[in-house]
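This report refers to the structure that appears directly beneath it.
The values are calculated or read from the model by the stated rules, or taken from the named source; none is laboratory data. As the structure is a computational prediction, the values presented were derived from the model and not from experiment. Note: ideal-geometry Cβ built from the backbone for every residue, glycine included; neighbour counts use all protein chains shown.
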Amino acid sequence: MATVDVLVATAEREVYRGEADFLAAPGAAGELGIMPKHTPLLSALAAGELRIHRDEEIDEVFISGGFIEVQPDMITVLADTAERAHDVDEAAAIEAQRKAQEIVDTQQGDVDYARAASELSIATAKLAFMRKRKNQK
Amino acid sequence: MASAKEIRGQIKATQNTAKITKAMEMVAASKMRKAQDAVLEARAYAEGIKRIVHNLMRAHPEYKHAFLTKRDEVKRMGLIAVSTDKGLCGGLNTNAMKKAFAVMQASKVDVDAMNIGRRASQAMRRFGVNIAASVEDINDAPSLDEILGVVQVAMDKYLAGELDEVHLVYSKYVNTMTQEPTSMRLLPCDDSDVDESEAYWDYLYEPESQVVLEGLLRRYIEALVYHSVLENKACEHSARMVAMKAATDNAKDIVKDLQVTYNKARQAAITQEIAEICSGAAASA
């Protein structure tokens, strides 16, 4: 079966490098599913999980946004922050979500509000990611 | 000639200095390795985004983002100067600042400085350059967040038309002995190596191309600055290691000289004592 090279990197480090036969990404306009030999595509990514399928194995990486570049033989994910499944700390995610919700509720400046709203969506996505993993186990 | 006791004190003090500089040398060596690793770790992202932006510059002749459009007249320039927070690293900052001032002079327009690192702030203040933003106390393992503020100021001012060009000056890591002060134009993006003659193709964009382009170009600029900060860190620690090694060697030389002087003084004292005893004995005989 054909495979495609996958690279997931944040500005600070390389998170994942390997081959995949299918990749699912949280595109800004909806979930993207990408197979090898995909046409060149450039998309913004929302907060959510990246699933990298290789044979029967699935690697999951949490990203809080970024961009994906697809070439027929290469997929590059430039993530704003990326955490491998085992790095995601549920307690920290809940705390972040609570704090963001608090700021949204007490809505002060526009800037604060926009930032909090984005933080909230990231925290919520992170939590969903955690819970799903837990149920699988 | 100073007494033997005084010289012994000097030897002790110099040896202590050598111990400290030796310790600093070893600390710098270990930090240097970490800083080099950080540069390598960040390379994947930097190269990825560079390649994509490169493709975009070629693929997008009909829509030009402000970051890619050259302005006819440059009335005011921005300069992001990357330096260290601490000294004791040889001529690293001096050379980088010389480069910065050369860039400013060459432009012949007023400059807004945006500083990363305390030494840059001090230099800019001393020479009376208008300072638009500063960030100090950068972590030894710099995170992107720390420098975002400065980059944001530069991009906002550029988009608002307050600045017509933004340049970046930093020290590039060549090897342990060599650090090269480097300058580059950040905004508008340097497209000199884009080859127009290559086969034309374009991406599919999601959502529309402008949104994607805007976001990507911002991250591109951030990545360039972040990378320069990482390089500068590697430079800082290698320069400090070399400077401290030189200091340790110097201290050892001084100790050697002092040791000779000390021996001479001790010998002179003994000789004198014997002479006194002899003359005393001769007188009483």
The range B:142-156, subset under 15 Å from B:Cys189 (Cα atoms) and away from chain A (no Cβ under 14 Å), residue surrounded by the most Cβ atoms within 10 Å (Cβ to Cβ): B:Ala154
Number of the exception - B:Ile221 against (1) out of contact with any Asp or Glu (no Cβ under 6 Å at 6 or more places or on another chain); (2) at pLDDT 85 or above; (3) more than 14 Å from chain A (Cβ to nearest Cβ): (3)
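Here is a yes/no grid of residues against (1) under 23 Å from B:Pro142 (Cβ atoms); (2) modelled with pLDDT under 90; (3) not in a strand (DSSP E or B):
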{"residue": "B:Arg51", "(1), (2), (3)": "no, yes, yes"}
{"residue": "B:His54", "(1), (2), (3)": "no, yes, yes"}
{"residue": "B:Met57", "(1), (2), (3)": "no, yes, yes"}
{"residue": "B:Glu62", "(1), (2), (3)": "no, yes, yes"}
{"residue": "B:Phe67", "(1), (2), (3)": "no, yes, yes"}
{"residue": "B:Lys70", "(1), (2), (3)": "no, yes, yes"}
{"residue": "B:Ile80", "(1), (2), (3)": "yes, no, no"}
{"residue": "B:Thr84", "(1), (2), (3)": "yes, no, yes"}
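With the condition kept exactly as written, say whether any residue in the range A:9-26 is away from chain B (no Cβ under 11 Å), among the basic types (Lys, Arg) and out of contact with any Ser or Thr (no Cβ under 7 Å at 6 or more places or on another chain).
First, the residues of the range A:9-26 that are away from chain B (no Cβ under 11 Å): A:18-24, A:26.
So of that shortlist, the ones also among the basic types (Lys, Arg) come out as none.
No, the range A:9-26 contains no residue that is away from chain B (no Cβ under 11 Å), among the basic types (Lys, Arg) and out of contact with any Ser or Thr (no Cβ under 7 Å at 6 or more places or on another chain).
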Enumeration of residues in the range B:19-60 that are within 24 Å of B:Cys189 (Cβ to Cβ), hydrophobic (A, V, I, L, M, F, W, C) and facing chain A (nearest Cβ under 10 Å): B:Ala42, B:Ala44, B:Ala46, B:Ile49, B:Ile52, B:Leu56, B:Ala59
Subset of the range B:116-171 [of a type in the set (Asp, Glu) and not in a strand (DSSP E or B)]: B:Glu136, B:Asp137, B:Asp140, B:Asp145, B:Glu146, B:Asp156, B:Glu162, B:Asp164
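Taking the condition of being surrounded by fewer than 19 Cβ atoms within 10 Å (Cβ to Cβ) and either at pLDDT 85 or above or facing chain A (nearest Cβ under 10 Å) (or both), how many residues in the range B:189-204 meet it?
Here is the first cut: in the range B:189-204, the residues surrounded by fewer than 19 Cβ atoms within 10 Å (Cβ to Cβ) are B:190-202, B:204.
If we keep only those that are either at pLDDT 85 or above or facing chain A (nearest Cβ under 10 Å) (or both) as well, we get B:201-202, B:204.
Result for the range B:189-204: 3.
Okay, residues lined up against (1) closer than 18 Å to B:Tyr205 by Cβ; (2) buried (at least 18 other Cβ atoms within 10 Å of the Cβ):
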{"residue": "A:Thr10", "(1), (2)": "no, yes"}
{"residue": "A:Ala20", "(1), (2)": "no, yes"}
{"residue": "A:Pro40", "(1), (2)": "yes, no"}
{"residue": "A:Ser43", "(1), (2)": "yes, yes"}
{"residue": "A:Gly48", "(1), (2)": "no, yes"}
{"residue": "A:Arg54", "(1), (2)": "no, no"}
{"residue": "A:Val61", "(1), (2)": "no, yes"}
{"residue": "A:Gly66", "(1), (2)": "yes, yes"}
{"residue": "A:Asp73", "(1), (2)": "no, no"}
Odd one out for A:Ala47 among (1) within 12 Å of chain B (Cβ to nearest Cβ); (2) closer than 24 Å to A:Lys132 by Cα; (3) in contact with a Gly (Cβ under 6 Å, 6 or more places away or on another chain): (1)
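Out of all the residues in the range B:148-172, which are out of contact with any helix residue (DSSP H, G or I) (no Cβ under 7 Å at 6 or more places or on another chain) and touching a residue at least 24 places away in the same chain (Cβ under 8 Å)? Reasoning before the result, please.
First, the residues of the range B:148-172 that are out of contact with any helix residue (DSSP H, G or I) (no Cβ under 7 Å at 6 or more places or on another chain): B:149-150, B:152-154, B:156-158, B:160-162, B:164-165.
Of everything in the range B:148-172, those that are out of contact with any helix residue (DSSP H, G or I) (no Cβ under 7 Å at 6 or more places or on another chain) and touching a residue at least 24 places away in the same chain (Cβ under 8 Å) turn out to be B:Val150, B:Val153, B:Ala154, B:Lys157, B:Tyr158, B:Glu162, B:Asp164, B:Glu165.
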When residues of the range B:16-60 are limited to those that are in contact with a helix residue (DSSP H, G or I) (Cβ under 6 Å, 6 or more places away or on another chain), among the polar types (S, T, N, Q) and within 30 Å of B:Asn263 (Cα to Cα), the one surrounded by the fewest Cβ atoms within 10 Å (Cβ to Cβ): B:Thr17
Residue in the range B:75-123 that is surrounded by the fewest Cβ atoms within 10 Å (Cβ to Cβ), counting only those that are of a type in the set (Ser, Thr, Tyr) and closer than 16 Å to B:Val151 by Cα: B:Ser121
Residue pairs meeting the criteria (Cβ under 9 Å; at least 6 apart or on separate chains; first assigned to a loop (DSSP other than H, G, I, E, B), in the range A:28-39; second surrounded by 11 or more Cβ atoms within 10 Å (Cβ to Cβ) and of a type in the set (Phe, Trp, Tyr)): A:Met35/A:Phe22; A:Pro36/A:Phe22; A:Thr39/B:Tyr203
